[in-house]
Amino acid sequence: QVHLVESGGGLAQPGGSLRLFCVVDGFIWGINAMGWYRRQAPGAQRELVARLNRGGDAIYADSVRGRFTISSDNAKKTVYLEMNNLKPEDTGLYYCHVVELVLGIHTYDLWGQGTQVTVSS
């Protein structure tokens, strides 16, 4: 069974930086996309933060563009999120998201458990 293992969350001051890591642990047929979502309040919907498609195209939420950078190491099945110039409104539970591609046709959503990011002075 495949799991997404996240790490790197924590407490940062406004203007500070954090780096999130997500490793795909277990067998996976292929990766169509990897990314990060966040939930900023209990019960709120998860929102896209950044996503890296198989072709290498990166998509960012307007609120993080220019401050966050998503990257991946496909050989290590790992996706990273470099977060700079953090703001209090970046606080939330960050979820790793992987779209598994099976036999080049079927896609399945995989989610991590979430890692907490708190930005506060």
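The values are calculated or read from the model by the stated rules, or taken from the named source; none is laboratory data. As the structure is a computational prediction, the values presented were derived from the model and not from experiment. Cβ atoms come from the backbone with ideal geometry, glycine included; neighbour counts cover every protein chain shown. The accessibility values were calculated without ligands, DNA or RNA, using every heavy atom of the protein model including side chains. Shrake-Rupley method; radii C 1.70, N 1.55, O 1.52, S 1.80 Å.
Here are a few things to note about the model shown:
- Of the residues making up segment 26-67, those that are aromatic (F, W, Y) and under 15 Å from C96 (Cα atoms) are W36, Y37, Y60.
- Entry remark, segment 83-104: residues being among the β-branched types (V, I, T) and surrounded by fewer than 17 Cβ atoms within 10 Å (Cβ to Cβ) number 1 in total.
- The set of residues from segment 10-25 being over 11 Å from the mean Cα position of the chain (by Cα), open to solvent by less than 60 Å² (accessible area, probe 1.4 Å) and closer than 13 Å to C96 by Cα comprises just one member, V24.
- Restricting attention to segment 105-121 and to residues that are outside any strand (DSSP E or B) and out of contact with any Ser or Thr (no Cβ under 8 Å at 6 or more places or on another chain), the residue that is most open to solvent (accessible area, probe 1.4 Å) turns out to be Q113.
- For segment 47-82, the set of residues classified as out of contact with any strand residue (DSSP E or B) (no Cβ under 6 Å at 6 or more places or on another chain), basic (K, R) and open to solvent by less than 70 Å² (accessible area, probe 1.4 Å) consists of R67 only.
- Contact annotation: no residue pair with Cβ atoms under 6 Å, 6 or more positions apart or on different chains, pairs a residue in segment 79-96 that is under 16 Å from I59 (Cβ atoms) with a partner that is assigned to a helix (DSSP H, G or I).
- Of all residues in segment 35-46, those satisfying the criterion of being open to solvent by 40 Å² or more (accessible area, probe 1.4 Å) and touching a residue at least 60 places away in the same chain (Cβ under 8 Å) are Y37, R39.
- Restricting the first member to segment 17-34 and to residues that are touching a residue at least 40 places away in the same chain (Cβ under 8 Å) and closer than 11 Å to L81 by Cα, and the second to residues that are open to solvent by 70 Å² or more (accessible area, probe 1.4 Å) and of a type outside the set (S, T, N, Q), the beta-carbon pairs closer than 8 Å and six or more apart or on different chains are C22/V5.
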